[in-house]
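The structure appears right after this line, and notes come after that.
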Amino acid sequence: MNRDNVSAVAMAIAVIAIIVGFGIYFNSPSLNKASSSSQQQLEKVVSAATTTNGTIKTIKLDKAQFLQIDKSQFQKAPEFAQIAGYINTPSNAPLTLASLKGKVVLVDFWTYSCINCIRTLPHLNDWYQRYADKGFVIVGVHSPEFEFEKNYDNVKAAVQKLGIKFPVILDSNHGTWNAYGNMYWPRDYLVDTQGYIRHDHIGEGDYNTTESAIQSLLAEGAALNGMKDISFNTAKSTTTINRSSLAYVDLTKQITPEIYLGYSFARAPLGNPQNFQPDQTIPYSIPPNTSFNPDIVYLDGLWKNNPDNMELQSNTGHIVLTYNARAVNIVAGGHGQQGIVTEDGATKILNNSLGKDLTQDGKFVLDGQRLYNLALYNNYGSHSIIINVSGKGFQLYTFTFG
């Protein structure tokens with residue numbers, strides 16, 4: 001996900017004095033080239049000193065070589081700012097970046113309803129489990145996209161459900177997000193033992209490169225502490241992500257982009273002639289024999305246009321979408337409202353495509369504001385989904401795909 005709507009632009013203007021230094025750093029070819037050269041120097045030193053025996057990688061350390069690495073072009077990582085709460089810290093006590101000096105820190109910007117973020121978690125959890133005893137820490141900076149993601153109890157429940165063991169800090173007012181000049185979910189910054197940002201990755205994928213950077217920075221930190229060698233077990237602590245998992249995605253495939261439903265977030269119109277009408281409650285209908293355009297949402301029923309969602313005001317409603325993906329999810333909110341899902345013109349969704357939040361008869365019940373997986377196929381392809389909704393107050397925020 002990327003934050004490229006109007007509200008984000010306004011926020012960026014408001015905090016430009018804070019982030020301008022970071023903007024210059026990350027958009028300056030000369031600085032980027034210099035820092036990249038220094039990082040390559042580190043990787044060259046580590047590679048030349050590495051031996052492997054099965055899954056064990058051992059790096060011989062020469063402190064003098066690591067001291068020669070020029071860090072003058074690296075940016076110091078900003079301190080965490082305006083944090084509203086803490087999860088998975090001792091007694092949920094405050095955590096600062098300064099208190100982690102001497103460790104390699106992965107600062108991971110995420111938000112709990114973001115499918116892109118969710119798909120990175122098996123890799124983050126694996127790294128945290130395998131490298132924590134070497135001086136590695138992950139801090140999940142939970143920077144919300146939607147208002148409901150500011151709720152501490154919502155985030156805590158998501159952290160538990162997703163199996164996150166590393167510390168999570170609530171950046172509910174985007175103080176840390178702004179300090180880093182960030183614009184994306186997820187985004188990872190690797191901070192070395194002296195507080196410099198040494199690696200920056202936007203989005204999913206390229207996990208081997210990030211893991212290699214983690215190992216190199218841990219080796220550097222050990223060398224600067226006078227250690228003569230450091231070893232890593234490269235055997236992953238988790239099994240391979242299989243195709244039946246929500247964490248699986250093939251980024252080479254054609255996948256429908258995320259579709260926002262709130263009028264302040266929407267990047268495409270509704271398929272209905274009435275389209276979005278800010279703050280109005282509109283009786284939407286789908287005429288017979290409608291030719292449904294792909295990647296466009298069509299609504300039926302009485303819906304209120306909210307800034308970040310569409311909220312059902314009638315007792316029943318319908319949502320129709322043609323998409324291209326292997327998995328389709330919605331971010332929705334409510335308590336007790338129900339939906340019945342059918343796909344591709346069938347009267348009942350097939351068992352081999354049942355989403356993880358559906359019962360065997362294709363039903364789901366809202367139990368809060370979160371991501372709901374509605375369909376999960378073995379292969380990528382074009383599909384049409386119909387969601388028959390019952391219950392006033394059903395809130396639809398986004399469709400996401402995998």
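The values are calculated or read from the model by the stated rules, or taken from the named source; none is laboratory data. None of these values were measured; they are calculated from a predicted model. Cβ atoms come from the backbone with ideal geometry, glycine included; neighbour counts cover every protein chain shown.
As for the stretch 68-88, it holds no residue that is in contact with an Asp or Glu (Cβ under 7 Å, 6 or more places away or on another chain), farther than 30 Å from residue 373 by Cβ and in a helix (DSSP H, G or I). Condition first: of a type in the set (Phe, Trp, Tyr) and under 14 Å from residue 87 (Cα atoms). Now tell me which residues in the stretch 123-158 satisfy that. 152 - this is the single residue of the stretch 123-158 that is of a type in the set (Phe, Trp, Tyr) and under 14 Å from residue 87 (Cα atoms). Residues that are buried (at least 22 other Cβ atoms within 10 Å of the Cβ) and either within 22 Å of residue 71 (Cα to Cα) or modelled with pLDDT of 95 or more (or both) occur at least once in the stretch 195-208. Within the stretch 270-316, restricting attention to residues that are of a type in the set (A, V, I, L, M) and assigned to a loop (DSSP other than H, G, I, E, B), which residue is nearest to residue 382 (Cα to Cα)? Residue satisfying both the conditions and the ranking: 296.
Okay, residues lined up against (1) under 18 Å from the mean Cα position of the chain (by Cα); (2) buried (at least 16 other Cβ atoms within 10 Å of the Cβ); (3) outside the structural domain of residue 147 (by TED's automatic domain parsing); (4) more than 16 Å from residue 399 (Cα to Cα):
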residue: 248; (1), (2), (3), (4): yes, yes, yes, yes
residue: 252; (1), (2), (3), (4): no, no, yes, yes
residue: 270; (1), (2), (3), (4): no, yes, yes, no
residue: 273; (1), (2), (3), (4): no, no, yes, yes
residue: 282; (1), (2), (3), (4): no, yes, yes, yes
residue: 288; (1), (2), (3), (4): no, no, yes, yes
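Condition check: modelled with pLDDT of 90 or more, of a type outside the set (Phe, Trp, Tyr) and part of a helix (DSSP H, G or I). Does residue 91 satisfy that? Taking the combined requirement at face value, the residue satisfies it.
Scanning the stretch 76-132 for residues that are among the polar types (S, T, N, Q), touching a strand residue (DSSP E or B) at 6+ places or on another chain (Cβ under 7 Å) and without any contact (Cβ under 8 Å) to a residue 60 or more places away in the chain gives a single hit, 92.
What about residue 24, is it modelled with pLDDT of 95 or more and farther than 25 Å from residue 172 by Cα? Here the answer is no, as residue 24 does not meet what is asked. Somewhere in the stretch 214-235, is a residue touching a helix residue (DSSP H, G or I) at 6+ places or on another chain (Cβ under 8 Å), in a loop (DSSP other than H, G, I, E, B) and surrounded by 13 or more Cβ atoms within 10 Å (Cβ to Cβ)? So far as the stretch 214-235 goes, no, none of its residues is touching a helix residue (DSSP H, G or I) at 6+ places or on another chain (Cβ under 8 Å), in a loop (DSSP other than H, G, I, E, B) and surrounded by 13 or more Cβ atoms within 10 Å (Cβ to Cβ).
Scanning the stretch 44-67 for residues that are in a loop (DSSP other than H, G, I, E, B), small (Gly, Ala, Ser) and loosely packed, with under 14 Cβ neighbours inside 10 Å turns up just one, 54. On the stretch given as the stretch 254-268, residues that are under 25 Å from residue 394 (Cβ atoms) and surrounded by fewer than 18 Cβ atoms within 10 Å (Cβ to Cβ) total 4. Can you confirm whether the stretch 345-360 contains a residue that is outside the structural domain of residue 158 (by TED's automatic domain parsing), touching a Leu at 6+ places or on another chain (Cβ under 9 Å), at positive phi and not aromatic (Phe, Trp, Tyr)? No - not one qualifying residue is present in the stretch 345-360. Among the residues of the stretch 202-213, just one is in contact with a helix residue (DSSP H, G or I) (Cβ under 6 Å, 6 or more places away or on another chain) and part of a loop (DSSP other than H, G, I, E, B), namely 204. Can you tell which of 99, 113, 72 is at pLDDT below 95 and not assigned by TED's automatic domain parsing to the domain that holds residue 330? Exactly one residue qualifies, and that residue is 72.
Of the strands (runs of 3 or more DSSP E) lying entirely inside the stretch 320-402, the ones with 3 or more residues being of a type outside the set (A, V, I, L, M, F, W, C) and closer than 23 Å to residue 307 by Cα are found at 335-343, 370-390, 395-401. Could you tell me whether residue 194 is in contact (Cβ under 8 Å) with a residue 24 or more places away in the chain, in a loop (DSSP other than H, G, I, E, B) and farther than 30 Å from residue 377 by Cβ? Judged against the criteria, residue 194 is a match.
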